[in-house]
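Each remark here refers to the structure printed beneath this line.
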2 protein chains.
Amino acid sequence: MAEVNRQWRLVRRVEGMPSVEDWRLVEAPVPTVEPGTFLARAIYLDVAPYMRARIAAVRNYARGVEPGEVMIGGAVARIVASRAPGWKEGELVVTDFGFGWQDYALLRPEAVRRVDPTLAPPETWLDVMGLNGVTAWFALFETGALRPGDRVLISAAAGSVGQLAGQLARLAGAVPYAVASTAAKIAWCREIGFEGGIAHRDCEDLAGAIRAMLPNGVDLYVDNTAGPIHDAVLQNLAPRARIVVVGTVSLADRLGRPDIGPRFFREILVARARIEGFLVLDFEKRWGEAWARLAELLRAGRIVTRYDVADGLERTPEAFLRVLRGDNLGKQLVRVSAG
Amino acid sequence: MAEVNRQWRLVRRVEGMPSVEDWRLVEAPVPTVEPGTFLARAIYLDVAPYMRARIAAVRNYARGVEPGEVMIGGAVARIVASRAPGWKEGELVVTDFGFGWQDYALLRPEAVRRVDPTLAPPETWLDVMGLNGVTAWFALFETGALRPGDRVLISAAAGSVGQLAGQLARLAGAVPYAVASTAAKIAWCREIGFEGGIAHRDCEDLAGAIRAMLPNGVDLYVDNTAGPIHDAVLQNLAPRARIVVVGTVSLADRLGRPDIGPRFFREILVARARIEGFLVLDFEKRWGEAWARLAELLRAGRIVTRYDVADGLERTPEAFLRVLRGDNLGKQLVRVSAG
């Protein structure tokens with residue numbers, strides 16, 4: 001065991017696009033194991049768009065991180081010392097939120113789930129078998145009310161939720177289409193079953209490109225980004241279109257400032273469209289339902305995911321900024337130890 | 001019977017706020033009664049916000065009126081000559097859309113409903129017993145999923161749909177709040193059971209006024225207007241808020257041009273709010289359900305409606321413009337004949 005616990009602590013709440021200077025790496029003592037707890041060492045740390053809102057000064061659905069605190073985040077970790085009955089040294093666990101950007105965390109059993117590496121590989125527990133899996137599942141099948149034949153457009157389609165949502169939509173008899181930043185990402189999307197896609201960084205008329213690809217409109221839009229992609233979709237709604245607002249990553253550089261742009265009330269009315277905010281925590285009691293199915297699909301090789309892994313705890317803020325800028329291809333993780 | 005049929009014909013499709021010059025009054029011959037039809041003479045003509053979109057150059061959910069055609073609109077009318085079996089001279093009928101702004105219309109039975117004046121007074125068949133009744137009913141109880149205790153905010157609350165929605169919300173155990181243009185309208189709203197209200201023409205900070213009135217936020221917003229009132233509500237969403245987009249009358253002067261303003265994706269996400277476009281025609285097969293209940297409520301005196309009646313066919317465009325500007329108090333009608 002190392003002598004120190006390296007931790008990324010938040011320096012300040014952030015208004016515009018965050019930068020690596022908004023956190024600082026400190027060395028703290030490795031915590032002492034108290035009765036009822038265990039100490040775990042991170043293998044993979046999660047970095048994900050939801051974290052942007054946790055460091056913003058504005059209202060959110062969950063408590064934010066205060067300056068001076070360790071940055072929030074999930075991890076797959078190995079127990080290195082335990083005083084919690086039933087939890088043994090060497091076992092793998094995953095925390096969805098409560099590990100933090102650090103080498104070691106002192107955890108209580110109720111804060112973690114057991115990782116069964118025979119069921120699915122360790123990294124998937126921060127992805128398909130973690131928040132991304134249940135986000136894609138409930139966004140499509142509950143809030144999105146997906147039906148066979150739906151033309152499903154997915155933004156940030158090569159990202160963690162997007163790549164999974166596209167594959168699940170296809171498995172459920174719908175036809176997924178991708179919007180992603182680059183042609184390389186669109187190529188990956190096609191490889192895993194998307195019917196088509198648009199690389200929006202090269203696209204001058206996104207609304208027109210969507211119209212050309214989907215002349216009868218979008219039935220279901222899984223909105224991971226907000227911003228200009230949302231605007232383009234609102235001009236291409238099929239009757240009874242559903243828009244599930246899963247994330248707003250394109251607003252990362254302006255959280256707390258007004259987002260000014262075109263509104264589409266007539267389009268919403270004419271299409272009788274439904275726009276609905278989605279928060280995966282609302283489905284927490286039912287996550288197990290989805291994971292049971294997702295584990296089967298993973299084992300059967302019917303869903304694949306791609307990872308973009310940064311090496312070393314010291315690269316964690318940088319990896320997070322890659323996600324906010326859309327520079328990652330696949331689910332972004334940080335490898336902290338060999339495990 | 002008069003020798004001529006006065007008709008308001010559309011001069012042009014309209015982009016900004018319409019003016020009376022966008023129609024012209026012509027005299028046409030009274031139509032000859034063909035077999036299977038009857039001739040009816042208007043008593044009341046309807047003027048309503050939905051007509052704005054029918055004369056716009058932009059896409060809508062229904063066919064528009066072409067220049068040279070008689071302007072679309074419903075009417076309560078009396079049969080003056082009939083060659084349709086089972087439909088007698090002297091009987092009252094109502095058409096929801098297909099009468100037109102004119103003295104006489106030649107109608108087929110399938111285009112009308114019978115008016116039973118012992119069930120509800122003639123004018124109510126263009127209101128509670130007409131499109132407004134079913135709009136308020138299905139917007140609240142279907143799309144809006146109203147529940148007892150909901151704080152329901154209603155824009156254009158003293159208008160035809162608004163006044164009814166407020167009373168129905170109260171009868172269903174919810175607490176209705178009004179937004180209307182003037183203090184006189186708010187006073188009327190309070191009289192019929194709204195808990196409180198805001199006169200937005202005198203209000204510099206509408207979002208703040210809503211926050212002061214409803215510190216825990218809006219559970220259900222019946223959006224008859226779009227525009228700045230919508231924006232103010234989006235800053236005051238209760239968790240799981242529902243916004244039913246019923247109409248966009250505040251956009252009457254800019255249909256076909258982009259509506260630029262603040263967007264509220266984070267607020268939608270954080271509140272897990274649902275914004276849904278509403279079109280009463282989607283519920284057409286079920287209108288009878290609502291009218292049966294509404295007739296009972298009317299007869300029991302449990303709902304009241306106020307009418308704003310312009311006198312004479314020649315005032316029809318002017319009466320319509322009053323509605324678009326929000327100058328009417330209560331459901332706007334035009335009295336064309338004594339009946």
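Once R0 is set to 56 Å, what does the formula 1/(1 + (r/R0)^6) return for the Cβ-Cβ distance between A:Glu318 and B:Glu3, expressed as a FRET efficiency to the nearest 0.05? After rounding, the FRET efficiency stands at 0.05. Compare A:Gly159, A:Gly133, A:Gly196 in a GNM of chain A, Cα atoms joined below 10 Å, and give the one with the largest fluctuation. The residue with the greatest mean-square fluctuation here is A:Gly196. With the convex hull constructed from alpha-carbon coordinates only, segment B:78-216 shows a mean projected area of 10.7 nm² over all directions.
In summary, the lysines within cross-link reach of B:Lys331, defined as a Cα separation below 23 angstrom excluding same-chain residues under 8 places away, comprise B:Lys185. Just checking the listed ones, A:Thr37, A:Thr95, A:Thr316: in the Gaussian network model of chain A with Cα springs under 10 Å, the one fluctuating most is A:Thr37. The phi-based Karplus calculation (6.51 cos²θ - 1.76 cosθ + 1.60; θ = phi - 60°) puts the 3J(HN,Hα) values of segment B:110-118 at 5, 8, 10, 10, 6, 9, 9, x, 7 Hz, whole numbers, x for Gly and Pro.
Projecting label points 7 angstrom from Cα along Cα→Cβ for B:Asp282 and A:Lys88 puts them 5.6 nm apart. Does segment A:1-158 classify as rounded, prolate or oblate by the C-alpha gyration tensor (a ≥ b ≥ c root eigenvalues; a/c under 1.5 gives rounded; else a/b over b/c gives prolate, otherwise oblate)? Here segment A:1-158 falls in the oblate category.
Computed on segment A:92-164, the Cα convex hull volume stands at 125 Å³ per residue.
Taking a Cβ cut-off of under 9 Å around B:Arg151, the surrounding Lys, Arg, Asp and Glu residues balance to a net charge of -3, with basic ones at +1 and acidic ones at -1. In the protein assembly as shown, the alpha-carbon atoms span a convex hull of 169 Å³ per residue. Computed over the Cα atoms of segment A:45-111, the ratio of the radius of gyration to the Kirkwood radius (Rg/Rh) comes to 1.03.
Remark: spin-label model distance A:Val33-A:Ala187 equals 4.8 nm, labels positioned 7 Å along the Cα→Cβ axis.
Gyration tensor over the Cα atoms of segment A:1-68: the corresponding equivalent ellipsoid has semi-axes (square roots of 5 times the eigenvalues, largest first) of 26, 15, 12 Å.
With a simple spin-label model that places each label point 7 Å from the Cα along the Cα-to-Cβ direction, the separation between B:Gln235 and B:Glu69 comes to 4.1 nm.
Pairs of Cα atoms in segment B:131-281 fall into 5 Å distance bins, from 0 up to the last occupied one, in shares of 2, 10, 21, 25, 22, 13, 5, 1 percent. Rounded to the nearest 500, the 222 nm mean residue ellipticity of chain B from helices alone is -6500 deg cm²/dmol, with -39,500 (n - 2.57) taken per DSSP H run of at least 4 residues.
The ranking of A:Leu234, A:Leu297 by Cβ neighbour count inside 10 Å, starting from the fewest, reads A:Leu297, A:Leu234.
Projecting the Cα positions of B:Ala165, B:Val152, B:Ala238 onto the charge dipole of segment B:131-281 (unit charges on Cβ atoms of Lys, Arg, Asp and Glu, taken about the Cα centre) puts B:Ala238 furthest along the positive direction. Among residues of chain A, the one whose beta-carbon sits closest to the A-to-B rotation axis is listed with its distance in Å as A:Ile275, 2. Summing +1 for each Lys or Arg and -1 for each Asp or Glu among the other residues whose beta-carbon sits under 11 angstrom from that of B:Arg322 gives -1. Across segment A:258-263, computed HN-Hα scalar couplings (Karplus, 6.51 cos²θ - 1.76 cosθ + 1.60, θ = phi - 60°) run x, 9, 9, x, x, 10 Hz from first to last residue, x flagging Gly and Pro.
The antiparallel fraction among DSSP beta bridges confined to chain A stands at about 50%. Legend: translational diffusion of chain B by Stokes-Einstein, Rh = Kirkwood radius over C-alpha pairs, 20 °C, 1.002 mPa s; D = 104 µm²/s. What's the center-to-center distance, using Cα atoms, between segment B:312-339 and segment B:1-64 in Å? Distance between centres, Cα-based: 14 Å. Here the contact order of chain A, divided by its residue count and restricted to Cα pairs under 8 Å and six or more residues apart, works out to 19 percent. Quick one: with label points 7 Å out along Cα→Cβ, list the inter-copy distances for B:Glu318 in nm, shortest first? Between copies, matching label points for B:Glu318 lie 7.5 nm apart. Sparsely packed loop sites in segment A:194-292 (the GluC sites (Glu not before Pro) outside DSSP H, G, I, E and B with at most 10 other Cβ atoms within 10 Å) comprise A:Glu204.
Under the convention that each Lys and Arg Cβ holds +1 and each Asp and Glu Cβ holds -1, the size of the dipole of segment B:131-281 around its Cα centre is about 260 debye.
Here is how far apart the B:Val20 label points are across copies: 7.1 nm, shortest first, using a point 7 Å from Cα toward Cβ. Here the scattering of segment A:249-339 is modelled by Debye summation over its C-alpha atoms, one equal scatterer each and no solvent; at q = 0.16, 0.17, 0.18 Å⁻¹ the log10 of I(q)/I(0) is -1.09, -1.13, -1.15.
Summary: within chain A, the longest segment free of trypsin sites (Lys or Arg not before Pro) located in DSSP loops with at most 10 other C-beta atoms within 10 Å is A:89-339.
Ranked from shortest, the separations from the 7 Å Cα-to-Cβ label point of B:Glu110 to its equivalents in the other copies are 6.6 nm.
Rule-based calculations on the coordinates, nothing more; no lab input. These figures come from a predicted structure and were not determined experimentally. Quick reminder, even Gly has a Cβ in these numbers, built from the backbone with ideal geometry, and neighbours come from all protein chains shown.
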